[in-house]
Amino acid sequence: MDQEKIGKFIKEIRMKEKLSQQKFADKYGVTYQAVSKWENGKNIPDISILKEMCSEYHMNLDDFLKTNIVPKKEKKKRIWISCVAVLVLTVIVTIFIKFSLKDSSFEFKTLSTSCDDFNLYGSLAYNDLKSSIYISNITYCGGDDSNIYKKIECILYEDNGNAKIEIKKYHYENELGITLEDFLKDVNFHIDNYEKACKVYQENSLFVEIEATNQNGKIITYKIPLNLKDNCNH
């Protein structure tokens with residue numbers, strides 16, 4: 001799953017439709033900044049938006065995430081392929097399917113949060129071989145926080161019942177300081193191939209913890225539980 005290739009393809013779709021980033025954002029109910037992040041490969045759209053996009057442009061979601069995309073408008077251009085080439089391609093595809101069939105179909109679960117202070121987009125993609133975690137567009141909505149923080153850590157954890165396991169961390173430390181809102185703009189978690197097979201994530205086993213230290217040395221901590229709508233079924 002290549003975020004940069006997905007971003008370039010989203011940009012191609014937008015340009016073909018002759019839409020600005022703002023108009024494209026309005027179409028899917030997001031901000032133009034979110035579209036910019038998609039196109040620059042910094043994160044990918046929420047799974048519900050991906051499904052809507054694929055439905056509108058007649059694409060398979062699995063192919064979209066693998067960037068193995070052939071839009072319907074371009075399929076007619078390939079009619080010129082000779083019978084010999086088609087036969088060779090068929091043999092290659094058959095061999096590929098035989099050895100990689102288990103890796104060809106991803107299922108998705110949406111990650112949400114019950115924390116009133118934060119919003120985010122999140123999803124868990126998995127098949128029989130691996131699972132991947134995607135969390136992006138984390139925004140603080142707990143009020144007007146104009147504090148300047150000289151140190152902030154944002155960490156994705158998994159609680160296995162005995163201890164919390166750090167999965168990925170973002171760290172900022174500078175005497176000049178930064179607001180929580182500006183810090184979160186560049187935070188997105190993309191953990192590919194997290195497990196060899198789909199893990200049965202228990203409710204709230206995944207969570208994000210933010211620890212912010214202001215200019216006076218006061219530490220503020222937020223815990224953002226991530227709720228999985230349904231456990232994996234593998």
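The values are calculated or read from the model by the stated rules, or taken from the named source; none is laboratory data. This one's a predicted model, so the numbers in the text were calculated from it and none came from an experiment. Glycine also receives a Cβ, built like all others from the backbone with ideal geometry; neighbour counts cover every protein chain displayed. Remember, those area values only see protein heavy atoms, side chains included, never the ligands or the DNA or RNA. Shrake-Rupley method; radii C 1.70, N 1.55, O 1.52, S 1.80 Å.
Before we move on, is Asp62 at pLDDT 55 or above, surrounded by 11 or more Cβ atoms within 10 Å (Cβ to Cβ) and farther than 30 Å from Glu209 by Cα? Let's see the steps before the verdict.
Details: at pLDDT 55 or above: yes; surrounded by 11 or more Cβ atoms within 10 Å (Cβ to Cβ): yes; farther than 30 Å from Glu209 by Cα: yes.
Taking the combined requirement at face value, the residue satisfies it.
Looking at segment 183-201, I want the residues that are more than 24 Å from Ile152 (Cα to Cα) and assigned to a loop (DSSP other than H, G, I, E, B) and have a partner that is modelled with pLDDT under 85 and open to solvent by 50 Å² or more (accessible area, probe 1.4 Å) with Cβ atoms under 7 Å, at least 6 apart or on another chain. Which pairs are those?
Lys196/Leu129; Ala197/Asp128; Ala197/Leu129; Ala197/His234; Cys198/His234; Val200/Asn231; Tyr201/Asn231
Within segment 3-17, can one find any residue that is over 13 Å from the mean Cα position of the chain (by Cα), open to solvent by 30 Å² or more (accessible area, probe 1.4 Å) and either at pLDDT below 75 or closer than 19 Å to Asn188 by Cα (or both)?
yes
Determine which single condition Lys196 fails, assuming it passes every other condition in (1) under 23 Å from the mean Cα position of the chain (by Cα); (2) of a type in the set (D, E, K, R); (3) over 22 Å from Tyr121 (Cα atoms); (4) at pLDDT 85 or above.
(4)
Could you please let me know if Asn227 is modelled with pLDDT under 85, in a strand (DSSP E or B) and open to solvent by less than 50 Å² (accessible area, probe 1.4 Å)? Give the derivation first.
Numbers: modelled with pLDDT under 85: yes; in a strand (DSSP E or B): yes; open to solvent by less than 50 Å² (accessible area, probe 1.4 Å): yes.
Judged against the criteria, Asn227 is a match.
Could you list, in sequence order, the residues of segment 26-46 that are open to solvent by 30 Å² or more (accessible area, probe 1.4 Å), in a loop (DSSP other than H, G, I, E, B) and not small (Gly, Ala, Ser)?
The answer is Thr31, Asn40, Lys42.
Output the strands (runs of 3 or more DSSP E) that fall wholly within segment 103-146 and possess 2 or more residues being β-branched (Val, Ile, Thr) and closer than 21 Å to Gln3 by Cα, or say none. Break it down stepwise before answering.
Numbers: elements: 107-113, 118-126, 131-140.
In segment 103-146, the matching strands (runs of 3 or more DSSP E) lie at 131-140.
Could you grab me the full set of residues in segment 147-166 that are assigned to a loop (DSSP other than H, G, I, E, B), over 13 Å from Ile210 (Cβ atoms) and either polar (S, T, N, Q) or open to solvent by less than 50 Å² (accessible area, probe 1.4 Å) (or both)?
Result: Asn160, Asn162.
Restricting attention to segment 138-153, does a residue exist that is on the phi < 0 side of the Ramachandran plot, small (Gly, Ala, Ser) and either in contact with a Cys (Cβ under 8 Å, 6 or more places away or on another chain) or modelled with pLDDT of 85 or more (or both)? Full working, then the answer.
Filtering segment 138-153 for residues on the phi < 0 side of the Ramachandran plot gives 138-142, 144-153.
Subsequent filtering for residues that are small (Gly, Ala, Ser) retains 142, 146.
Of the ones still in play, those that are also either in contact with a Cys (Cβ under 8 Å, 6 or more places away or on another chain) or modelled with pLDDT of 85 or more (or both) are none.
Looking for residues that are on the phi < 0 side of the Ramachandran plot, small (Gly, Ala, Ser) and either in contact with a Cys (Cβ under 8 Å, 6 or more places away or on another chain) or modelled with pLDDT of 85 or more (or both), one finds none in segment 138-153, hence no.
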